[in-house]
Amino acid sequence: MSTPADERRSSLHGEWSSRLGFILAVAGSAVGLGNIWRFPYVAGENGGGAFVLVYLVCVFFIGLPIMMAEVLIGRRGRRNPVATMRLLGEEEAGVTYWRWVGVVGVATGFLILSFYSVIAGWTIAYIFEGGAGEFTGAGPDRINEIFSSLVSTPLLTGFWHTLFMLATVMVVVRGVEHGLERAVRVLVPALVALMLVLLGYSMVAGNFADGLRFLFEPRFDDLTGGSVLEALGQAFFTLSVGMGAVMAYGAYLPEKESIAKTTAAVVIADTCIAMLAALVIFPIVFANGMDPASGPGLVFQSLPLAFGQMPGGAVIAVLFFLLLTFAAWTSAISLMEPAVAYFMETRGWTRGRAATVVGGTIWALGFLTVLSFGPWSSLTFLRGTIFDNIDYLSNNVLLPLGGLAIVVFAGWIMAVNSTADELDPAAGRGYRLWRFSARYVAPVAVVLVLLNAVGLF
Ligand code: TRP
């Protein structure tokens, strides 16, 4: 007997060419500024050691089961996240309101991409700074000056942000399957190879011992409820979970592929790359007497020092920021995909129209971040600048809430038959472990962290 879910498998969407294609797309989404820009500076702001440990626990015990839930929901619904949540909500519980999880996810994608694109713009600017030899022989003061003068000039950062959004919209217009697989296949290995070279430099020329101690020696006294929430938010952000991006990609996953293996591979790779970035950056930070808690400029203020000192540094700088821009690009595409698929499938828009309208709105929103680092840098409320507030709201509030709703839906609302059908029809030990995590571990942990951060526990 064929079920509605079976019938949907006959290609409503295109499909990835292979399991490797899916892994590459999700890896392309996961690996990006979150690993190389955000992880080191957030770890630095939260005191290192204990934060890193909590982060790793969040990634593997909360992020991984939620990523599996997103993929299985996506593949079962085979639509954009809004339509999928609505459809599965009807199928599993006879209600339509689960679509709100998709709607909030789409909105979260807008918010995240609005600042993500601006930071990617800084990265593009640094390709040119590096190529022009600006870093050669520069000391910490000069490097600081390069960074501050860039980010405080809205005309410049606005320009690079515009260019990055244009490039992102162009790819999304052509449809996600094309080219993405091939790009990621070259890009992620190249980025890792280059970072291993930089790691060699940090071990020799940096203060590697202090870097290691900062990252891996847990000092639990430094850990606050706020930093536990930061660790959770960073785990969601780096894995791209909690807003439907992975769900949208899961909709294109061929039915026979193992969700557990593919997601585990991505999570491990993503974590290694974040660790690698931190291991490169902190030894440079400590060798040059910089402040590990200096915030969003950390990567842009530390690595150029190293590029300026190493032989062939200008070429390496260009390559590094180029690869980082590409990595950000493949992530940005995944941030737009849920919204674009939604407007196409639900409103009947063409891909071109959907991508242009979504991209244009996000582009406009991005100027809030552009100005936050420039003329509006002293306009602060709640969490800090407008950027700080958008970042906090999306990563530390909306992603955890979205992830919570997704995992509760998969663990409590969906029938065992449905989830086992996607994960492991035999419902073996691995499946039972996932289900336990999805029903108890992940939801309870997210709720406790959120309550703790608002001071209720
Ligand atoms: N994970 C990406 C990074 O680390 C950013 C990203 C892409 C993302 N898609 C997402 C974050 C969806 C949250 C949700 O750079």
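Data for the structure
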item: Packing-based exposure ordering (other Cβ within 10 Å, fewest first) of Ser29, Ser148; result: Ser148, Ser29
item: Loop-located chymotrypsin sites (Phe, Trp or Tyr not before Pro) in segment 63-168 whose Cβ has at most 14 other Cβ within 10 Å (DSSP); result: Tyr97
item: Footprinting exposure proxy for Arg78, Arg19 (fewest neighbouring C-beta atoms within 10 Å first); result: Arg19, Arg78
item: Proximal charge balance of Leu239 [Cβ under 10 Å; K/R count +1, D/E count -1]; result: -2
item: Cβ-derived FRET efficiency at R0 35 Å, Thr162 paired with Val186, nearest 0.05; result: 0.85
item: Cβ-Cβ FRET estimate between Ser258 and Leu382, R0 fixed at 35 Å, reported to 0.05; result: 0.20
item: Separation of the Asp6 and Phe216 label points, Cα + 7 Å toward Cβ, nm; result: 5.2 nm
item: Proxy reagent accessibility, fewest Cβ within 10 Å first, across Arg142, Arg8; result: Arg142, Arg8
item: Neighbour cut-off at most 14 other Cβ (10 Å), DSSP loop, trypsin sites (Lys or Arg not before Pro), segment 180-268; result: Arg219, Lys256
item: Size of charge dipole - the chain - debye, nearest 20, with Cβ of Lys, Arg +1 and Asp, Glu -1, no other charges; result: 920 debye
item: Per-residue [θ]222 nm for the chain (sum of -39500 (n - 2.57) over DSSP H runs n ≥ 4, rounded to 500); result: -23500 deg cm²/dmol
item: Environment charge at Thr96 (Cβ cut-off 15 Å; Lys +1, Arg +1, Asp -1, Glu -1); result: 0
item: Furthest towards positive pole of dipole, Ser331, Gly384, Phe214, structure part the chain, Cβ charges; result: Ser331
item: Spatial separation of Cα centroids for segment 249-276 and segment 36-104, in angstrom; result: 13 Å
item: Around Ile143: net Lys/Arg minus Asp/Glu count, Cβ-Cβ under 15 Å; result: -4
item: Sites Arg347 and Met170, calculated FRET efficiency, Cβ-Cβ separation with R0 25 Å, nearest 0.05; result: 0.75
item: Degrees, to the nearest 10: 225-239 long Cα axis against longest axis of the chain; result: 70 degrees
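Coordinate-derived values only; no laboratory data. Everything quoted here is computed from the prediction, not taken from an experiment. FYI the Cβ positions are ideal-geometry reconstructions off the backbone, even for glycines, and counts take in every protein chain you see.
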